[in-house]
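The values are calculated or read from the model by the stated rules, or taken from the named source; none is laboratory data. These numbers come from a predicted model, not from an experiment. FYI the Cβ positions are ideal-geometry reconstructions off the backbone, even for glycines, and counts take in every protein chain you see.
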Amino acid sequence: MSLKIGWIDYLNTLPFNFELTGIKTDFGYQLVKGVPSQINRYLREEDIDVGFVSSAEYIENFKDYYILPDLSISSLNKVHSVLVLSKKPVDQITEIALTTASKTSRYLTRIVFERFFNKKVSYTQLEDINSAETVLLIGDEAIAYRDKFSYTIDLSGEWYKHTKLPFVFALWCVRKESLQHKKSEIIQLSSVLKKSKEKFFEDIEKYIKEAKIKFDTDFAKFYLKNLDFCLSSQHLESLQLFSNYLLEMGLIKGKPDFRIINI
């Protein structure tokens, strides 16, 4: 039975695209595509074996998952694609329309406004970007709309400013049952993803052009080189701090263990 891999076609996932970089696999697989919130649900509901999921998804359901080592999408300061965009300055913001595409970013918005800014705002579900005064957007959508609003709050930048730690947006996670039944394939996938990441940055311009993305090549290079795709002790410290804030705010029920597969 082939390995079902949850896949997100965002600019920030390009380095892991082993089909693009030509890293061959010795196992059968199926890519199941969606936005982050969909991939979270697919992993939770056992529709996929392994996937790139929001950090919040792991934190909330850590008992069901393990983490692939050395892989993440993180930012060491500003991320440029997880943004609260507004027509008003921060002190005038009273309501934020939140994208449904990522739970991690929704939680981070609350931490930034309620803990870092000490500001109470109301939250609604985003329905129409163009009619909203203040919105949370992520990924390619955030990049596309970043110049259409007067004020920009880079959530990862605010996290770094207040914690001096990178922010971990997403992790490669595998279901416990899948690790038991498809361990060989998952270990191979972990190796393939690492090799793809390394190969991508050896000739970043070539792969950006081959991917035929909708963004300017120079911006894409700047954006991707600005990101961090590792998972070090510092990243784990940041995940623990993020979890502590969520626990204090009553957004999660218990403190997670970060269980990384020993490969």
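If you go through the range 209-231 and keep only what is surrounded by 16 or more Cβ atoms within 10 Å (Cβ to Cβ), over 14 Å from the mean Cα position of the chain (by Cα) and not in a helix (DSSP H, G or I), you end up with just Ile213. Do we have Thr25 as surrounded by fewer than 17 Cβ atoms within 10 Å (Cβ to Cβ) and polar (S, T, N, Q) here? Here the answer is yes, as Thr25 does meet what is asked.
Total residues in the range 64-109 satisfying the condition of being surrounded by 18 or more Cβ atoms within 10 Å (Cβ to Cβ) and in a helix (DSSP H, G or I): the figure is 7. The residue list Ser233, Ser190 contains one member that is polar (S, T, N, Q), touching a residue at least 24 places away in the same chain (Cβ under 8 Å) and in the same structural domain as Ile39 (by TED's automatic domain parsing), which is Ser190. Filter the range 28-44 down to the residues that are of a type in the set (Lys, Arg) and more than 10 Å from Ile8 (Cβ to Cβ), then identify the one that is surrounded by the fewest Cβ atoms within 10 Å (Cβ to Cβ). Here the answer is Arg41.
For Ser102, the criteria (1) in contact with a Lys or Arg (Cβ under 8 Å, 6 or more places away or on another chain); (2) at pLDDT below 95 hold in every case but one, which is (1). Across the range 111-143, the qualifying residues are those that are crowded, with 19+ Cβ neighbours inside 10 Å and in contact (Cβ under 8 Å) with a residue 60 or more places away in the chain, and the one among them that is nearest to Asp218 (Cα to Cα) is Ile143.
Considering the range 232-263, the residues that are touching a strand residue (DSSP E or B) at 6+ places or on another chain (Cβ under 7 Å) and part of a helix (DSSP H, G or I) include one that is farthest from Glu60 (Cα to Cα), namely His235. Based on what the data block shows, is Asn244 within 16 Å of Tyr10 (Cα to Cα) and surrounded by fewer than 17 Cβ atoms within 10 Å (Cβ to Cβ)? Criteria not met by Asn244. Of all the criteria given as (1) out of contact with any Ser or Thr (no Cβ under 6 Å at 6 or more places or on another chain); (2) crowded, with 18+ Cβ neighbours inside 10 Å; (3) over 18 Å from Leu227 (Cβ atoms), the one not satisfied by Val192 is (1). In summary, Asp64 fulfils each of the numbered conditions (1) within 18 Å of the chain's Cα centre (by Cα); (2) within 30 Å of Lys195 (Cβ to Cβ) with the single exception of condition (1).
Scanning the range 175-208 for residues that are within 20 Å of the chain's Cα centre (by Cα) and under 21 Å from Ala144 (Cα atoms) gives a single hit, Ile208. Against the criterion of being of a type in the set (D, E, K, R) and at pLDDT below 95, Lys148 qualifies. In the range 1-24, the residue that is farthest from Gly139 (Cα to Cα) out of those that are modelled with pLDDT under 95 and in a loop (DSSP other than H, G, I, E, B) is Met1. I want to confirm something. Restricting to the range 234-250 and keeping residues that are within 18 Å of the chain's Cα centre (by Cα) and small (Gly, Ala, Ser), which single residue is nearest to Thr104 (Cα to Cα)? Ranking the qualifying residues of the range 234-250, first place goes to Ser243. Within the range 35-51, the set of residues being closer than 29 Å to Lys148 by Cα and either free of Cβ contacts under 8 Å to residues at least 60 places away in the same chain or assigned to a strand (DSSP E or B) (or both) comprises Gln38, Ile39.
Look at the range 10-26: where a residue is without any contact (Cβ under 8 Å) to a residue 12 or more places away in the chain and assigned by TED's automatic domain parsing to the domain that holds Trp172, no partner that is of a type in the set (Gly, Ala, Ser) and not in a helix (DSSP H, G or I) sits 6+ places away or on another chain with Cβ atoms under 7 Å. When Lys206 is tested against (1) free of Cβ contacts under 8 Å to residues at least 60 places away in the same chain; (2) surrounded by 21 or more Cβ atoms within 10 Å (Cβ to Cβ), just one condition goes unmet, and that condition is (2).
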